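First the structure, then my questions, so here it is.
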Amino acid sequence: MEDTQPAGDGTRLTLRHILTFGVVVVTLGGIFLANLFYTAPVVSQSERRTLATLPIPSWGPVSSAQFMDDFEDYAADSFIGRDQWRTLKALTVFGVYFQTDKSGLYFGDSGAGKFQPINEASWHKAAAKIQRVADSLEGMNIYYSFIPDKSVYAGRYLPGFDPDQARALLGADLPDLAPVDLTNSLSAQDFYRTDLHWDQTKLTGVTATLAQTMGFAPPTLTPIETAGLFSGVYPGQLALPMADDVMTYVDLPESITASYLNAKTLAWEDGPVYDLNRFAGPDPYDLFLRGATPLVTLTNANAPSDKHLYIFRDSFGSSIAPLLAQSYAQVTLIDLRYVDWKLVPDLVDFVPGSDVWFCYSSQILNSESVLLVH
Amino acid sequence: MLFSSVTFLYYFLPVTLAVYFLTPMPGGKTRWRNLVLLLASLVFYAWGEPVYCLLMMAEVLVAWVLSLLMDRYRERIAWRRVFLIASLVVGLGVLAYFKYADFFISSFDAAFGVHVPLLRIALPIGISFYTFQMLSYAIDLYRGKIEVQRNPLDFACYVIMFPQLVAGPIVRYAEVAAALVTRRHTLVGFAEGGRRFVVGLAKKVLVANVMAELVEVIRASGDTSFLAAWLYVVAFALQIYFDFSGYSDMAIGLGTVLGFRFPENFNYPYVAASITAFWRRWHMSLSSWFRDYVYIPLGGNRVSVPRHLLNIAIVWGLTGFWHGAGWQFIAWGLWFAVVLAVEKYAFGGVLQRLPRGMGNVYTLVIVAISWVLFDSGGFADAGTTLAAMAGFGASSVVGPESVYYLRSYAVPLLVGIIGATPLPKKVMGWVAKKKVYTVVEPVLVALGLLVVTACLVDGSFNPFIYFRF
């Protein structure tokens, strides 16, 4: 047999039995009691998410087993020392099994990241949504880009994101729009080591490619200011300690100002381009144009031209838009995750002859349902 | 509820064991503890299947009543047979309805070109296991091999005891009848059972789940190369073995903690040198069930050669069908029927004369082919994978994805391959002779529990293949 049938009867009690008994009882019983008296935080700072709370039993959720599912989530989320347990798991994956990723999360010389394959169905739907928006923007110069997953630049083969596949897919679905391929304008060093985002101060290649394709004067990426140290999303997701990144930003001339649409009052309110208060918040990348904001307008009083640019964007767009504002009279950022497209024409003036740039990261294109275009 | 879950390990199990061991045993009788065990088992089952818990209880009640009637009319063979048939009809009828109805309907639709709508009934967890336990009880009672259990709580405790309720081993009543009345609970039994439970838990969480991940990613990668096909089938073979044998270890270990001795279910099947030997080592409680209740009543091998071949086909067709309601499962069973028949009548002798290593390779290849059938979505799907394994796939010898995943999962694969052989047991047997084993075992148990807990808290991929049976 694979293991000796535990005897129980007749076997002499030894110190080994007493110790093994003690280990099992103390571990199961001790952790049970510790969890009973432990109060878990509402939000996990490392995972940047709200933790599950104790579900309230009632007939409906219990009979459908929903209560049990919710309790399983709660039991794992409220486990005492959750972060340390997660670190132990990561150490097992990388240090014992020597796996090169943990559920797609990897780390190496170029930092940490997460690879995931292109969800073709989602990309097709996202492209259809982009096309639908583009169809209603007559007389505009419309461009699009996908932001390659940073795993492309990890310096070793990682399965998942294939720029050729992405290029071919969007090229076939958006034949009338002009592509701006950023793949060769980026490198591993252009992304933060601990985060998925690109570093605004390293976007020389990207802005040069955009300038060349869209026909504007390349912006300058100096002087550079430092916001401070920060840790991106990956150390928390990996549950492994990593050295912090330094977040820097390009200081802009005072002629560039920002105004934000207040989603409640629908009024435009002035605010800083770089909000250092947000940098100290849960997501430091919100430093750039306050992060998750449906509509933002950057106005440049000393712009070299009177041209307007409309960017349909995600969080990557927040950091590159201030740079592009050096070259345009006005840059309007539209985040379709937070405003339905059908409301946008009433809130934004689209000036004919302007440039339009759809710029989405692979994460957004892989989950197109977040784009509110119906 | 899954054994490998935070809820089970750190809520259900400590509370259940505490209540169980604090419950008195007046006169050495375990009746009150059986009641605790029964109530805990109902909570355990209802946690995943609240509605089907009522169905299971109703089945247990009917089986118990019919067994009493069978015992009451034990001197009247005709009536006894009637009640046996009633037991079989109820047990198999419920199983057929909940597990096989849609298979029968879809097969009927396909055969006659009609469109009878499917019932789309959710499969009650563990129904194949507890049904077979109740059937074995009824048949053994009919044959006079066991005494009837007059206490409905003890009978229910036997059928739905949580350690073996949802994935076996399939326990015969005779194996636990005495323990249901009185049993000893010792610290040695607790320690040995606890160790066995942790070993099973580690097999499940640290090997089977990791192999399951590999199966998933290699499938999702779209790599159809030769290497990808073999990587997939090796990972699946290890996943299903460590998944199921790990569950059996956990069940046997928990049974020991609670004072029971459950039958062994696995004995290093992947080191078998023939398919005949493989099936003496894989899911032994199911193989012996079919042997005792189907194969031997059909005449076993004491019949003409054609009839014997028919018996083999029937038993293995049914074994396949037990595993799933699909033609690929029947084909999986019949594949083994063909191989077993060939081993019996064609080259069984040759196999015995071959070097053991060649027998091992032969067995592993036959089993690998069977797992492709078993895990496939259909015959076309299986054919594509088998073609790739044979080097006739649409893709190259290796793909970048398969190379990446081979590298990433090399150590877990090695751990799985070595763990599927008796080598770890031999090493532990050697260590057990040393004084240091006094500390080594508890340290390994502690380490196993801690790492498993870490994986569960982090929300590992945690499927249980045998739950779908």
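The values are calculated or read from the model by the stated rules, or taken from the named source; none is laboratory data. This is a predicted model, so every value here is computed, not measured. Using ideal geometry, Cβ is built from the backbone for each residue, glycine included, and neighbour counts are taken over all protein chains shown. When the accessible area is computed, the model is the full protein with side chains, heavy atoms only, and any ligands, DNA or RNA have been set aside. Shrake-Rupley method; radii C 1.70, N 1.55, O 1.52, S 1.80 Å.
Return yes or no: is A:A243 within 18 Å of A:L196 (Cα to Cα) and open to solvent by 20 Å² or more (accessible area, probe 1.4 Å)?
The answer is yes for A:A243.
Looking at B:R172, is it open to solvent by less than 30 Å² (accessible area, probe 1.4 Å), touching a Ser or Thr at 6+ places or on another chain (Cβ under 6 Å), under 27 Å from B:M1 (Cβ atoms) and not hydrophobic (A, V, I, L, M, F, W, C)?
For B:R172, the condition - open to solvent by less than 30 Å² (accessible area, probe 1.4 Å), touching a Ser or Thr at 6+ places or on another chain (Cβ under 6 Å), under 27 Å from B:M1 (Cβ atoms) and not hydrophobic (A, V, I, L, M, F, W, C) - is not met.
Okay, moving on. Of all residues in region B:7-51, which are facing chain A (nearest Cβ under 10 Å) and either at pLDDT below 95 or more than 30 Å from A:D77 (Cα to Cα) (or both)?
Listed by number, the residues that qualify are B:A46, B:W47, B:G48, B:E49, B:P50, B:V51.
Yes/no per residue for (1) more than 11 Å from every other protein chain (Cβ to nearest Cβ); (2) among the aromatic types (F, W, Y); (3) touching a strand residue (DSSP E or B) at 6+ places or on another chain (Cβ under 8 Å):
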site	(1), (2), (3)
A:L54	yes, no, no
A:T87	no, no, no
A:L91	no, no, no
A:G113	yes, no, yes
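Look at B:D243 and say whether it is acidic (D, E), in contact with a helix residue (DSSP H, G or I) (Cβ under 9 Å, 6 or more places away or on another chain) and more than 12 Å from chain A (Cβ to nearest Cβ).
Taking the combined requirement at face value, the residue satisfies it.
Give me the helices (runs of 4 or more DSSP H) completely within region B:173-227, filtered to those with at least 3 residues that are closer than 30 Å to A:E120 by Cα, ordered by residue number.
Qualifying helices (runs of 4 or more DSSP H): B:209-221.
Scan B:G399, B:G419, B:G378 and give me the residue that is modelled with pLDDT of 95 or more, open to solvent by less than 60 Å² (accessible area, probe 1.4 Å) and assigned by TED's automatic domain parsing to the domain that holds B:L238.
Result: B:G419 is the single residue among B:G399, B:G419, B:G378 that is modelled with pLDDT of 95 or more, open to solvent by less than 60 Å² (accessible area, probe 1.4 Å) and assigned by TED's automatic domain parsing to the domain that holds B:L238.
Pairs only if they're at least six apart or on different chains, beta carbon under 9 angstrom, first in region A:112-129 and of a type in the set (S, T, N, Q), second open to solvent by 40 Å² or more (accessible area, probe 1.4 Å); list them, first residue then second.
Listed by first residue and then by second, the contacts come to A:Q116/A:Q363; A:N119/A:S367; A:S122/A:S367; A:S122/A:S369.
Checking the condition under 30 Å from B:V36 (Cβ atoms) and open to solvent by less than 40 Å² (accessible area, probe 1.4 Å), which residue from B:T256, B:T319 passes?
B:T256
Out of everything in region A:140-162 that is in a helix (DSSP H, G or I) and within 14 Å of another protein chain (Cβ to nearest Cβ), what residue ends up being most open to solvent (accessible area, probe 1.4 Å)?
For region A:140-162, the residue satisfying everything is A:V152.
If you don't mind, another one. Go through region B:353-469 and tell me which helices (runs of 4 or more DSSP H), entirely inside it, have 2 or more residues that are among the charged types (D, E, K, R).
Hits in region B:353-469: B:356-375, B:400-408, B:423-432.
Being open to solvent by 70 Å² or more (accessible area, probe 1.4 Å) and modelled with pLDDT of 95 or more is the filter here, so list the residues in region B:338-360 that pass it.
Passing the criteria: only B:V338.
Which of the residues belonging to region A:101-139 are open to solvent by less than 20 Å² (accessible area, probe 1.4 Å), among the hydroxyl-bearing types (S, T, Y) and touching a Phe, Trp or Tyr at 6+ places or on another chain (Cβ under 9 Å)?
Within region A:101-139, A:Y106 is the sole residue that qualifies.
Output the residue which, of all residues in region B:47-89 that are within 30 Å of A:D70 (Cβ to Cβ) and of a type in the set (D, E), is least open to solvent (accessible area, probe 1.4 Å).
Result: B:E59.
When you scan region A:313-374 for helices (runs of 4 or more DSSP H) that lie fully inside it, which ones turn up with 2 or more residues that are open to solvent by less than 10 Å² (accessible area, probe 1.4 Å)?
By residue number, A:315-324, A:362-365.
Residues in region B:436-461 that are at the interface with another protein chain (Cβ under 10 Å from one of its Cβ atoms) and open to solvent by 50 Å² or more (accessible area, probe 1.4 Å): how many?
Counting residues in region B:436-461 that are at the interface with another protein chain (Cβ under 10 Å from one of its Cβ atoms) and open to solvent by 50 Å² or more (accessible area, probe 1.4 Å) gives 7.
Against the condition more than 20 Å from the chain's Cα centre (by Cα) and within 14 Å of chain A (Cβ to nearest Cβ), how does B:G259 come out, does it pass?
Taking the combined requirement at face value, the residue satisfies it.
Please pick out the residue among B:F103, B:F44 that is in contact (Cβ under 8 Å) with a residue 24 or more places away in the chain, out of contact with any Ser or Thr (no Cβ under 9 Å at 6 or more places or on another chain) and either closer than 22 Å to B:I125 by Cβ or open to solvent by 30 Å² or more (accessible area, probe 1.4 Å) (or both).
B:F103
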